[in-house]
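A short write-up of the structure that comes next.
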Amino acid sequence: MVDQHIQAPDGVRPPPPSLRWDERPDGPVLLLLDQTRLPAEEAELVCGDVPALVRAIRTLAVRGAPLLGIAGAYGVALAAARGEDVDTAAAALEGARPTAVNLGYGVRRAVAAHQGAACGSEAAAAALAAAKALHLEDAEASARMARHGLALLDELLPAGEHRVLTHCNTGRLVSGGEGTAFAVALAAHRAGRLRTLWVDETRPLLQGARLTAYEADGHGMAYRLLADNAAGSLFAAGQVDAVLIGADRIAADGSVANKVGSYPLAVLARYHHVPFIVVAPTTTVDLGTADGASIEVEQRSGQEVSGMYAPHAYNPAFDVTPAELVTAVVTEEGVASPVTGARLAELCARSRQVSVS
Ligand code: MRU
């Protein structure tokens, strides 16, 4: 029975915040829910300085495009509060991971606020205010994406209950709110229209198995985990009505960089006539990157793939899906479908997010 529902234990368990700023007697710190220890342990990682935060970003203790932007902005605020050189801190933070465009956006936004203030303490307060504003805006964007995304699902899939496949982790753990693609699935669940959330394991770091399953379980959603290489037979069995994924960067031509393994799902979805929907805030759209080939794809250590078995590995963290395979990009400002540069530019122009160069 491929479509058997797995119902999590009853009720909704409130998860701890993914990230929070804490003013302590010996100075402020950024507290991160350490995603490398989930789901076994809900432990907070204390980042008292920028090098600690850079390490947390590189090791994926904090991860996912929108949350990386928020963390980057708080990182600049941390450097400013400690009286450290903000430009040096910004360069270290921005360089920690290259593909998620939100990281650079958050960092530059806090730096711009810092530069715009009159003196040291005002500048530190301005950087912190920028980080807090981005945090709140992301929560709001998340709620709006969920509304637009659910309306789109209902329009594309009039049959009623949706069976949705997702990849990587795109929920509360990556956002100031309830996430991107996951937030749409959650909205469908709350509306009684999610039949099954199919969760890809997401090799090699298992963001799906460890994090999406943890979030889905916490919300009492009907989810089922699968090995990434089981997706093909799941499509062939007619068990997927739509694919919902997030994005780390969307180029001006609509190409979508997301967790490696997204592109094969787009190819499968096209072959099986299933909508492939990308959900991302306008801060993930990078009109300054012309096309998919210009997106830098982060290469990570082969150890993550091969462990002890084989020393030589190919381990790109992301892949790029061309716009022609994407049915729709759902942003907080509305939907691009078909996905064209002009439509993405229109949605970005509508965005209330502060623009930074
Ligand atoms: O390497 P990760 O875990 O940071 O990759 C995250 C993803 O690929 C997410 O799908 C993406 O950031 C979108 S999250 C809203």
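The values are calculated or read from the model by the stated rules, or taken from the named source; none is laboratory data. Just so we're clear, the structure is a prediction, and the values are computed from it rather than from any experiment. Cβ sites come from the backbone with ideal geometry, for glycine too, and all protein chains shown count toward neighbours. The area values use the complete protein model at the heavy-atom level, side chains included, leaving out ligands, DNA and RNA. Shrake-Rupley method; radii C 1.70, N 1.55, O 1.52, S 1.80 Å.
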Between Ala117 and Ala91, the two model label points (7 Å from Cα along the beta-carbon direction) sit apart by a distance in nm of 2.3
To the nearest Å², the heavy-atom accessible area per residue of the chain with 1.4 Å probe amounts to 40
Which of Val107, Val267, Val279 fluctuates most in a GNM of the chain (C-alpha springs under 10 Å)? That residue is Val267
In degrees rounded to 10, the 0-90 angle between helix 181-190 Cα long axis and the longest Cα principal axis of the chain is 60
Sites removed, the longest contiguous part of the chain containing no DSSP-loop chymotrypsin sites (Phe, Trp or Tyr not before Pro) with at most 12 other Cβ within 10 Å is 1-308
In Å, the Kirkwood hydrodynamic radius from C-alpha pairs for the stretch 232-300 sits at 12.9
For the stretch 145-356, the Debye formula with one identical point scatterer on each Cα and no solvent gives log10 I(q)/I(0) at q = 0.08, 0.10, 0.15, 0.19 Å⁻¹ as -0.25, -0.40, -0.91, -1.45
Plugging the Cβ-Cβ distance of Asp217 and Ala293 into 1/(1 + (r/R0)^6) at R0 = 35 Å yields, to the nearest 0.05, a FRET efficiency of 0.35
Taking Cα atoms, the helix 262-271 axis meets the longest principal axis of the chain at an angle in degrees (rounded to 10) of 30
Site Leu31, offset 7 angstrom along Cα→Cβ, radius 15 Å on amide nitrogen, limited to the stretch 44-66, gives 44-48
Listed residues Met145, Met308, Met221; largest mean-square fluctuation, Gaussian network over the chain with Cα springs below 10 Å, found at Met308
Once the mean of 1/r over all distinct C-alpha pairs in the chain is inverted, the Kirkwood radius in Å reads 20.3
